[in-house]
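To keep things clear, I will list the structure first and then write my remarks on it.
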Amino acid sequence: MALKDSFAHTRVAGVIVFIATAECFETDDVAGKVVSAVVGATLARENDQAFKAVELFVKCLQAHAATMPETAATDDDGKDLSARLPGRDIRMEELTTSKSNSSQTPPFARIMQRFTTPLSSRISYDLQTTLLREVPAHKKEVLTDFLVRLYSVYVDLHFAYLEINPLVVLDDGSIHYLDMAAKLDRTAESIFEISQTYIQKLDTSTGASLKLTVLNPTGRVWTMVAGGGASVVYSDAIAAAGFAYELANYGEYSGAPSEGQTFEYAKTILDLLTRPPPRSDGKILIIGGGITNFTNVAATFKGIIHALTTYKTQLIAHKAKIIGLCW
């Protein structure tokens, strides 16, 4: 990277490139990456351009901040939907809709409409009288239900932006979204990526194989599978049984990990499993896989048992059912 080059003029050139391409950066990149990168250049003797760059990008952030809606508390006695979702503050959201003039596209709204509100218990009525006021009556209920559910997913999965275009509502009440663009809130990456990064570091520090990817952090079905081939079989079987949407993770441990390594791996999965609020239908943890002739089964299961014992209280609170399958 030019800003870290040992040659002073290369560092200056790198800063000038940032200034020249300032309009190419998105706001979250400016706040999360660009400013911190350029600020480091101000410590060098040749720092005139660096200070100009910092001033430029700070002004960009200030201009963006001026356009942001204010956060507002609600007066609905704690019935705010976003307040009930874990880890989210009460906030203002803006929903917009527009109608295509094409005769081939079912009506959605007459013109660009905006609906800004803390999501509350009155959202159904508010949507129908504002955002959807020009939508045919027989389509209002189904669209209202869809938007309320969509917003719940939007908040729960930490979206920063979501656009569906076009959204088609047929006369039979079915909804079809033909194209979608979405953007996740980067500040939420740490919630789940820390666990995955920890397993990656654990994997690189040992000759064993330890893999973990979080697919659905609020999913009901979690797996702790030994063997790469077995992990594929288990995931396919869960999907074939109709629970693909509930599959929370994908991963495997193999290559004869030690008791301590298996404990850390199992503990990480159990932490993720018990992190969201408990579900009324409980959670399912499938422990299994194939056992090779060089695997120390005793050490492996000691690590798993240790982790289960550690998370005993949380697992009971989540009504977790543990299923063991090995061959």
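The values are calculated or read from the model by the stated rules, or taken from the named source; none is laboratory data. Fair warning: this is a prediction, and the values are worked out from it, not measured in the lab. Because the Cβ atoms are built from the backbone with ideal geometry, glycine has one as well, and the counts that use them run over all protein chains shown. All accessible areas refer to the heavy atoms of the entire protein, side chains included, with ligands and DNA or RNA removed. Shrake-Rupley method; radii C 1.70, N 1.55, O 1.52, S 1.80 Å.
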- Compare I164, I305 by solvent-accessible area with a 1.4 Å probe and give them largest first, with all protein chains kept in place. I305, I164
- Item | Mean accessible surface per residue for segment 234-309, computed with a 1.4 Å probe while every protein chain stays in place, in Å² | 43 Å²
- Note on the structure: For K139 the rounded accessible area (nearest 10 Å², probe 1.4 Å, non-protein molecules ignored) is 10 Å²
- Only Lys, Arg, Asp and Glu count, each charged at its Cβ (+1, +1, -1, -1), so figure out the dipole size of segment 143-275 about its Cα centre, rounded to 20 debye. 360 debye
- Task: For A160, enumerate residues with amide H under 5 Å from its amide H, sequence gap 5+ or separate chain, H modeled in the peptide plane.
- Result: K183, L184, D185
- Item | Largest to smallest accessible area among K283, K302 [probe 1.4 Å] | K302, K283
- Calc'd 3J(HN,Hα), segment 237-252, phi into Karplus 6.51 cos²θ - 1.76 cosθ + 1.60 (θ = phi - 60°), Hz, glycine/Pro = x, comes to 5, 5, 5, 5, 7, x, 10, 4, 5, 9, 6, 8, 8, 9, x, 6
- Largest first, how would V233, V221 line up by accessible area (1.4 Å probe)? V233, V221
- Between N249 and residues 5 or more places away or on another chain, the pairs with built amide H atoms under 5 Å apart involve L215, N216, T223
- Under 5 Å, built H, 5+ apart or other chain: amide partners of K283: A320, K321
- Item | Over 25 Å between alpha carbons, listed pairs K183/K267; K183/K321; K211/K267; K183/K319; K33/K183; K211/K283 | K183/K267; K183/K321; K183/K319
- Work out the length of the dipole vector of segment 209-327 about its Cα centre, built from +1 on the beta-carbon of each Lys and Arg and -1 on the beta-carbon of each Asp and Glu, and round it to the nearest 20 debye. 340 debye
- Query: When the Karplus curve 6.51 cos²θ - 1.76 cosθ + 1.60 is applied with θ = phi - 60°, which whole-Hz ³J(HN,Hα) does each residue of segment 61-67 get, with x for Gly and Pro?
  - Reply: 5, 5, 5, 5, 4, 5, 8
